[in-house]
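These notes concern the structure reproduced below.
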Amino acid sequence: MKYRVQNIFMLDAICHQYYKGRRGAVEEVLKANPGLARKGPILPEGLVIELPDLAPPEDNSSFSLWE
């Protein structure tokens, strides 16, 4: 999905919002957007980046040893 940066935003905040806090999202977005890391931590308004589809998260539900 293409995403246009609004109001000068940080990549980790975009990933947290779009991917609901999933681990590894920032790294995957950086892989999908070569050169994005050189823009610095605060992305300029209007920049278009690719937000890739990520594999479903692992099931981290709790369990009991004594069920």
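Which residues, counting only those in the range 17-42, are modelled with pLDDT under 95, closer than 14 Å to VAL5 by Cα and touching an Asp or Glu at 6+ places or on another chain (Cβ under 9 Å)?
Within the range 17-42, PRO41 is the sole residue that qualifies.
Can you tell me which residue among GLU67, GLU50, GLU58 is among the charged types (D, E, K, R) and modelled with pLDDT of 90 or more?
Of GLU67, GLU50, GLU58, the one residue that is among the charged types (D, E, K, R) and modelled with pLDDT of 90 or more is GLU50.
For the range 4-22, which positions are over 13 Å from PRO41 (Cα atoms), touching a residue at least 12 places away in the same chain (Cβ under 8 Å) and part of a loop (DSSP other than H, G, I, E, B)?
Narrowing the range 4-22 to residues over 13 Å from PRO41 (Cα atoms): 4, 6-7, 16-22.
From what's left, touching a residue at least 12 places away in the same chain (Cβ under 8 Å): 4, 6-7, 18-19, 22.
Those that are over 13 Å from PRO41 (Cα atoms), touching a residue at least 12 places away in the same chain (Cβ under 8 Å) and part of a loop (DSSP other than H, G, I, E, B): GLN6, ASN7, TYR19, ARG22.
Just checking, how many residues over the range 25-44 are touching a residue at least 12 places away in the same chain (Cβ under 8 Å), surrounded by 11 or more Cβ atoms within 10 Å (Cβ to Cβ) and either assigned to a loop (DSSP other than H, G, I, E, B) or not charged (D, E, K, R) (or both)?
9
The values are calculated or read from the model by the stated rules, or taken from the named source; none is laboratory data. No experiment lies behind these values; they were computed from the predicted model shown. Positions of Cβ are backbone-derived with ideal geometry, glycine not excepted, and every protein chain shown enters the neighbour counts.
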